[in-house]
Amino acid sequence: MTDRILWAPWRASFVLAKKEKGCPFCKAFKVKKDSVKNLIVYRGETCFVVLNKFPYNSGHALVVPNRHIYGLNQLNKAESDELFDVTRLTVKVMKKTLKPQSFNLGMNLGRCSGAGIPEHLHMHIVPRWNGDTSFMMVLDKTKLVSVPLDFAYDAIRKGFEKL
Ligand SMILES: [Zn+2]
């Protein structure tokens, strides 16, 4: 029996959101003009960078292969190389634009590891600032995301353009 429960009320907007039909990454990728609507801030040859609509933190970005693939072994060499190159590039851009003190990077392979969209591989990049998590989230049902999504979108997109 569990004697502790960690509530994550800020996830309610994601959990209760109407489930989109089809793959949201493929849908965003197909949009011709990138904007705060599809949240794509950068497109490479084989992968793109999209901001998370339900961020764990300000500027939470995802590096996503253009192809709808779920496994690391499905990446070809060019995709594998660019996925990491673009991850490094995104970290560089965020350091300049959002000035975080550190980062969490990672992949959840499969649903039970926490992947929200396990059918389309993606790398999470979560910028972190000192004191960016607090018990406000637990006690107050309030997730502190200090930078609005449209502001983060503009800043990061401009950062990529300046490279
Ligand atoms: Zn997809």
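For the stretch 85-98, the set of residues classified as farther than 12 Å from V126 by Cα and surrounded by fewer than 19 Cβ atoms within 10 Å (Cβ to Cβ) consists of D85, R88, L89, K92, K96, listed by residue number.
Pairs meeting the criteria (first residue in the stretch 92-116 and in contact (Cβ under 8 Å) with a residue 60 or more places away in the chain, second residue surrounded by 14 or more Cβ atoms within 10 Å (Cβ to Cβ) and assigned to a strand (DSSP E or B), beta carbons under 6 Å, at least 6 apart or on different chains) are M94/P127. For the stretch 129-143, does any single residue satisfy the condition of being surrounded by fewer than 18 Cβ atoms within 10 Å (Cβ to Cβ) and modelled with pLDDT of 85 or more? Yes, the stretch 129-143 contains at least one residue that is surrounded by fewer than 18 Cβ atoms within 10 Å (Cβ to Cβ) and modelled with pLDDT of 85 or more. Looking at this structure, is E82 under 23 Å from C26 (Cα atoms), surrounded by 17 or more Cβ atoms within 10 Å (Cβ to Cβ), in contact (Cβ under 8 Å) with a residue 24 or more places away in the chain and of a type in the set (D, E, K, R)? Here the answer is yes, as E82 does meet what is asked. Filtering the stretch 85-124 to residues that are at pLDDT 90 or above, part of a helix (DSSP H, G or I) and over 15 Å from the mean Cα position of the chain (by Cα) leaves D85, K92, K95, K96, T97. Being farther than 17 Å from I125 by Cβ, charged (D, E, K, R) and at pLDDT below 95: is that true of R11 here? The answer is yes for R11. The residue list A78, A61 contains one member that is in contact with a helix residue (DSSP H, G or I) (Cβ under 9 Å, 6 or more places away or on another chain) and either over 17 Å from I117 (Cα atoms) or at pLDDT 95 or above (or both), which is A61. From the list K32, K27, the one residue that fits, being touching an Asp or Glu at 6+ places or on another chain (Cβ under 9 Å) and farther than 25 Å from K96 by Cβ, is K27. Within the stretch 23-36, being more than 16 Å from the ligand (Cβ to nearest atom) and not small (G, A, S) holds for K32, K33, D34, V36.
The values are calculated or read from the model by the stated rules, or taken from the named source; none is laboratory data. All of these numbers come straight from a predicted model, not from anything done at the bench. Using ideal geometry, Cβ is built from the backbone for each residue, glycine included, and neighbour counts are taken over all protein chains shown.
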